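Every number here is computed from the coordinates shown, using simple stated rules; none is lab data. Since the model is a prediction, treat every value here as computed from it, not as a measurement. Every residue, glycine among them, receives a Cβ derived from its backbone with ideal geometry; neighbour counts consider all protein chains shown.
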Amino acid sequence: MDPQLALTADMKIVLGLVGLTMVLFVFQRVRSDLVALVVLVMLGLTGLVQPEDLFNGFSSNAVISVIATMILGMGLDRTGALNRLAAWLLRRARGVEQRLLLLVSAIAGANSSVMQNPSVMALYLPVVSRLSSRTGISLSQLLLPVAVAIVMGGTLTMVGNSPLILLNDLLTAANANLPSGAATLEPLNMFAPMPIGLALLAASLLYFQFFGNRRLRGDGDANVTPARTESYFSRTYGIEGEVHELTVTADSPLVGMTFGEAEALHNAPLLLALQTGNESRLAPPADARIWVGSVLGAMGPRQQIADFAQNQFLRMNSRLRNFADLFNPSRAGISEAVVPPTSKFIGKTAADLQLRRQYGISLLAINRDKTVLRDNVRNTPLRAGDMLVLHSIWHDLGQASSKRDFVVVTDYPKGEQRPHKFRVAMIIFAVTMLIALSGRVPTSIALMTGVAGMLVFGVLKMDEAYGAISWKTVFLMACLIPLGWAMDGSGAAAWVAGHTIERLPTGLPIWLIEFAVALLTAAFSMVISHVGATIVVVPLAINLALAAGGNPTAFALIVALSASNNFVTQSNPVMSMITGPGGYRPRELWKIGLPLSLVYTFVIVLMVNLLF
């Protein structure tokens with residue numbers, strides 16, 4: 001690499017655009033995606049990128065892979081896979097706090113290897129919140145370790161986060177500007193970074209096991225998150241307990257009764273579902289008949305349900321065999337709704353309104369002037385301002401609330417949930433990973449195969465797939481990719497690398513230069529986002545490696561990995577999602593995140609040198 005390479009006008013323009021991008025990103029007076037668009041237009045107007053190539057970023061493998069991982073993540077979310085995982089985690093942890101933290105973090109990290117980090121965090125926020133409410137562990141003690149594990153786990157594969165998805169495209173583009181005699185840079189296979197990712201994930205688990213989590217202890221949770229409904233409804237309304245199935249025997253006095261008569265019996269638990277024959281219904285109408293072999297879905301304390309089953313000659317089963325899909329938390333649950341002054345419900349009872357028959361909603365309690373009404377609520381006339389406690393399928397609740405006769409104040413999944421598609425989604429996902437692992441087709445095609453499968457087999461609808469895509473992320477990436485090409489093609493990256501090497505002490509070890517590049521990338525990521533840092537620094541790192549006699553692929557991989565090394569500011573999308581719910585203060589994040597960032601840098605430099 002010639003350090004005396006002349007600084008041309010094109011180089012000055014590119015470096016100026018890089019500087020402008022950094023300034024605008026720092027002060028955030030202009031939206032980041034608009035900044036990226038302006039940079040793209042400037043590259044086209046100045047001729048630094050040919051017109052026929054200017055918009056190729058939108059069709060790049062990196063952008064297509066990002067879109068595909070977002071849609072696949074939505075497909076898994078729609079099936080309630082994460083809610084099943086929360087229940088499994090609770091059973092395996094057996095009430096041991098450290099074991100629960102270790103399991104949740106490890107599995108969240110593993111999940112992030114095949115999904116975008118923000119998508120995984122969005123899926124795990126309600127899971128972690130639910131675990132916190134069930135165990136009493138502070139939400140702040142769970143959220144940060146899980147978020148860090150998700151970032152670390154994103155380095156397990158080449159599709160776990162945006163910088164790694166971008167890397168292969170940047171390596172391929174760099175080949176066009178390599179000096180004569182330099183070896184061609186080969187794209188990395190999907191699981192190339194896995195040893196590094198495993199080391200990072202293990203480091204994060206050990207960090208919080210022996211150091212980080214002690215600094216989080218004692219922080220109370222002043223925040224209330226929408227998903228923490230179980231403890232809230234138990235404390236406020238006395239509605240608690242698990243759901244059990246009660247099978248009606250031939251000797252039961254309930255045979256021939258209506259559902260409404262059964263729930264009015266003395267000491268009856270909350271009856272929420274009924275199966276007769278092959279038909280299962282949540283919130284069945286009051287006049288539905290109960291027959292021999294019918295199954296009731298009852299919620300309440302175990303002893304109350306056991307006593308009711310014994311008195312009414314019912315066979316009790318705590319495992320949901322018939323109502324597993326109906327009571328999946330991703331599909332149904334408890335909510336609060338306020339009756340507004342304009343509501344048509346005012347003056348009418350739940351029986352008059354036929355809430356269960358017309359809307360598929362069960363009224364469990366009424367909170368009126370700080371007094372909780374639980375007895376005979378079906379025959380209590382409603383007033384303006386009443387807070388209704390409802391149990392329903394979320395989709396039915398959304399349809400009912402659209403008429404504005406009540407306003408739902410509990411956050412709930414707005415999209416249609418399809419837990420019955422769980423197995424189909426898992427099979428499609430497994431096949432997708434196998435195709436990607438085979439290496440016979442590009443990763444983007446393998447991931448899009450999974451997307452097509454989920455759409456064809458009804459796991460997702462087409463409009464839902466469009467809604468799953470974060471177009472801001474896609475636009476930002478596609479518009480900034482040509483800036484990386486311009487850095488390389490204009491010679492700006494080579495010029496900066498040459499002059500940098502010229503000023504470094506002679507005989508400086510390669511690993512020390514790699515360490516400096518890793519820290520520089522991490523600093524850039526706090527300013528211009530992890531995508532921007534990757535696009536700007538990878539061409540520079542490749543040229544720096546060539547000038548110093550290092551491995552260009554190793555340097556580029558260090559950059560892509562370091563771009564996610566930000567645990568102290570909200571410029572990391574994952575950290576921005578947990579700061580509010582966890583109640584983390586900036587000082588606290590710096591105190592815990594800065595040592596973690598140094599550990600991250602040390603691990604990736606060590607592992608890359610061992611592998612390359």
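Counting only Cα atoms, the size of segment 332-398 along its three principal axes is 28, 22, 21 Å, in decreasing order. Of all aspartates and glutamates in the structure, those lying under 18 Å Cα to Cα from Lys591, and not within fewer than 8 positions of it along the same chain, are Asp219. In whole angstrom, segment 417-544 maps to an equivalent ellipsoid with semi-axes of 41, 17, 14, each derived as √(5λ) from the alpha carbon gyration tensor and ordered largest first.
What ranking, highest mean first, results for peptides 536-548, 493-505 when packing means the other Cβ atoms within 10 Å averaged over each residue? The partial results should precede the final answer.
Details: 536-548: 26.4, 493-505: 17.8.
The densest-packed peptide leads the list: 536-548, 493-505.
What is the list of residues in segment 15-56 whose amide nitrogen lies under 14 Å from a point 7 angstrom out from the Cα of Thr8, following Cα to Cβ? Hits in segment 15-56 for Thr8 at 14 Å: 15, 47-50. Relative to the longest principal axis of the Cα atoms of the chain, the long axis of helix 162-174 makes an angle of roughly 30 degrees. Residues in segment 488-494 carry Karplus couplings, in order, of 7, x, 7, x, 4, 5, 5 Hz; the curve used is 6.51 cos²θ - 1.76 cosθ + 1.60 with θ = phi - 60°, and Gly or Pro positions show x. Taking a straight Cα-Cα cut-off under 19 Å and skipping sequence neighbours fewer than 8 places away in the same chain, the lysines within cross-link reach of Lys461 are Lys414, Lys421. Shown is the FRET efficiency for Phe55 and Leu434, computed with R0 = 22 Å from the Cβ-Cβ distance and rounded to the nearest 0.05: 0.10.
If one computes the Cα centroid of segment 263-335 and of segment 365-404, what distance in Å separates the two points? The two parts, judged by their Cα centres, are 20 Å apart. Inter-part distance, segment 463-517 to segment 23-75, computed on C-alpha centroids, equals 14 Å. Rounded if a/c is under 1.5, else prolate if a/b beats b/c, else oblate: with a ≥ b ≥ c from the C-alpha gyration tensor eigenvalues square-rooted, which is segment 306-420? Oblate, since a/c reaches 1.5 and b/c is not below a/b. The aspartates and glutamates within cross-link reach of Lys344, meaning a Cα-to-Cα straight distance under 15 Å and a gap of 8 or more places when in the same chain, are Asp352, Asp386, Asp405. For segment 239-317, taking Cα atoms only, Rg and Dmax work out to 11.0, 30 Å respectively.
Of the trypsin sites (Lys or Arg not before Pro) in segment 17-83, the ones in a loop by DSSP (not H, G, I, E or B) with at most 11 other beta carbons within 10 Å are Arg29.
Helical runs assigned H by DSSP (4 residues or longer) give the chain a calculated mean residue ellipticity at 222 nm of -18000 deg cm²/dmol, each run adding -39500 (n - 2.57) before division by the residue total. Beta-bridge orientation, the chain: approximately 95 percent antiparallel, per DSSP, counting only bridges with both partners inside.
Look at the alpha carbon pairs under 8 Å that are at least 6 residues apart: their mean separation over the length of the chain gives a relative contact order of 21 percent.
Beyond 41 Å, what share of the Cα-Cα pairs of the chain remains, rounded to the nearest whole percent? The share of Cα pairs beyond 41 Å in the chain comes to 35 percent.
Percent relative contact order of segment 239-317, based on C-alpha pairs within less than 8 angstrom and at least six residues apart?
On the way: 161 pairs, mean separation 36.9, N = 79.
Relative contact order comes out at 47 percent.
The order of the peptides 66-76, 400-410, 467-477 by mean Cβ neighbours within 10 Å, most packed first, is 66-76, 467-477, 400-410.
Segment 518-612 gives an Rg/Rh value of 1.03, both radii derived from C-alpha positions and Rh following Kirkwood. Note that segment 185-192 has calculated 3J(HN,Hα) couplings of 7, 9, x, 8, 6, 4, 9, 4 Hz, one per residue in order, obtained from phi through the Karplus relation 6.51 cos²θ - 1.76 cosθ + 1.60 (θ = phi - 60°); glycine and proline are x. With 0.36 nm allotted per residue and the present C-alpha distance subtracted, the Glu242-Asn189 stretch has 14.5 nm of extension available.
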